[in-house]
Amino acid sequence: NDLHKNSSSLLNLPVDLFENMELKMVAGQKISPEFENQILQHFSKKNVNVSIETKINDKRKFEIFSSSKFLFFPSAFEGFGYPPIEALYKGCMVICNNLANYKETLGGAPYYTECSNLANVEEILAKSSNDKLQPEYNCDFPIKKHITIDRASLNFADILYRNFNLITGTILRGHSAT
C-alpha cells in the first residue's frame, strides 16, 4: 500500500484467474491491517488461498520463488530490480512494470505490463495457467542459462555511468567521485 512498490495494484488483478489457487504476498515490511483486509476480501471472492509473509529472509524468499509459477512485481520505481532477477534465476516467470531499467537488466526475460491499468495481465496469466508461455525466456528456461552475473554487472555499470551526472549527494571523507 505504498506508492513506490505499487502494491495497491494487486487489488486490480482479475480474481477469476486465481480461482482455487494459492497466492503468496511477500512484503519487505509490515503492511497495514486495513490493506491486508482489502487483499483478503478481494481474493476471497473466488476461493483464492491468500497468505501474506513479511520481513522474510533470503532462504525463505528463494523457497517461495522455487515453488511459484510466477512473480507479479508491480513496483513503480526500482533501482536494479533484484527480486525479478532472483525469481527468474529460480525459474519463476516474472510479470513486472514496464520500466526502462528492467529492460536494460532483464531484457526479454519477463512479461512487461503497465501495472497502473493491468491491460495485458489477464492475457499473461491465462497463458501461464495453460502452461503455454510464449516469451523467449520463461519458467521452462531459467534465466541462469541466458544471463550471467558478468553481463548483468556490465549492464548495471553502464546504467550508473550514463546517469552519473544525475546523482547528487555528499561525498564521504576518504572517498572520491572518480
* Test result for Phe77, among the hydrophobic types (A, V, I, L, M, F, W, C), within 13 Å of the chain's Cα centre (by Cα), open to solvent by 50 Å² or more (accessible area, probe 1.4 Å) and closer than 22 Å to Thr113 by Cβ -> yes
* Output yes when any residue across segment 59-70 is under 16 Å from Ser9 (Cβ atoms), open to solvent by 30 Å² or more (accessible area, probe 1.4 Å) and modelled with pLDDT under 90, and no when none is. => yes
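Could we say that Ala87 is within 27 Å of Tyr161 (Cα to Cα), among the hydrophobic types (A, V, I, L, M, F, W, C) and either surrounded by fewer than 13 Cβ atoms within 10 Å (Cβ to Cβ) or under 13 Å from the mean Cα position of the chain (by Cα) (or both) here?
Details: within 27 Å of Tyr161 (Cα to Cα): yes; among the hydrophobic types (A, V, I, L, M, F, W, C): yes; either surrounded by fewer than 13 Cβ atoms within 10 Å (Cβ to Cβ) or under 13 Å from the mean Cα position of the chain (by Cα) (or both): yes.
So Ala87 fits the description; yes.
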* Sole residue being loosely packed, with under 15 Cβ neighbours inside 10 Å and either closer than 24 Å to Ile159 by Cβ or not charged (D, E, K, R) (or both), chosen from Asn20, Asn97 -> Asn20
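The values are calculated or read from the model by the stated rules, or taken from the named source; none is laboratory data. Note that this is a predicted model, so its numbers are computed, not measured. Backbone-built Cβ (ideal geometry, glycine too); neighbour counts: all protein chains shown. We work out accessible area using only protein heavy atoms, side chains counted, and drop any ligands, DNA or RNA first. Shrake-Rupley method; radii C 1.70, N 1.55, O 1.52, S 1.80 Å.
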